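Take a look at the structure set out below.
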Amino acid sequence: MTDARSDFTKACDRLRYIKNWLDVLKPIVTVSLTLIIVLIGIALLLGLLGLWFLAIILWILILIYIVSYFVYLGLGRAALSLAQALDADLQTFEAAVRKVLANCPESCQGDLSPPTCDVSYP
């Protein structure tokens with residue numbers, strides 16, 4: 001039962017870590033696609049006018065957006081699989097509680113409360 005609780009806690013900690021990264025990336029990813037297209041146009045125009053330094057800065061911002069978008073998608077998939085793992089770990093814990101209740105007297109049962117996972121906790 002302790003192992004099942006530990007597995008659940010570890011999965012919850014990983015999910016919390018991924019959620020924090022998703023929260024960091026969300027403002028970048030939610031930028032309008034229209035704004036990105038405008039930035040591409042401005043970067044091209046600045047490059048044609050010979051203002052390479054400013055054009056490079058805009059291209060770096062665009063690249064950060066693109067990389068953030070794909071990282072955000074990957075972290076979203078990882079969060080989904082961790083949520084499924086949390087569900088499986090909770091079911092494992094519940095099975096372990098049933099075994100403890102069936103095989104142990106009340107004095108040796110220990111903490112039977114189900115583990116919880118609050119991903120909004122910092």
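What follows is calculated from the coordinates using simple rules that are stated; it is not laboratory data. What you see is a predicted model, and the numbers here were worked out from it, not measured in a lab. For neighbour counting, all protein chains shown are included, and Cβ atoms are generated from backbone atoms with ideal geometry for every residue, glycine included.
General observations
- Residue within the range 77-100 that is in a loop (DSSP other than H, G, I, E, B) and out of contact with any Ser or Thr (no Cβ under 9 Å at 6 or more places or on another chain) present: no
- Scanning the range 1-57 for residues that are within 30 Å of residue 119 (Cα to Cα) and among the aromatic types (Phe, Trp, Tyr), we see that the one that is farthest from the chain's Cα centre (by Cα) is 8.
- Cross-chain or 6+ apart pairs with Cβ under 9 Å, the range 57-82 first and touching a residue at least 24 places away in the same chain (Cβ under 8 Å), then part of a helix (DSSP H, G or I) and among the aromatic types (Phe, Trp, Tyr): 71/21; 72/21; 75/21
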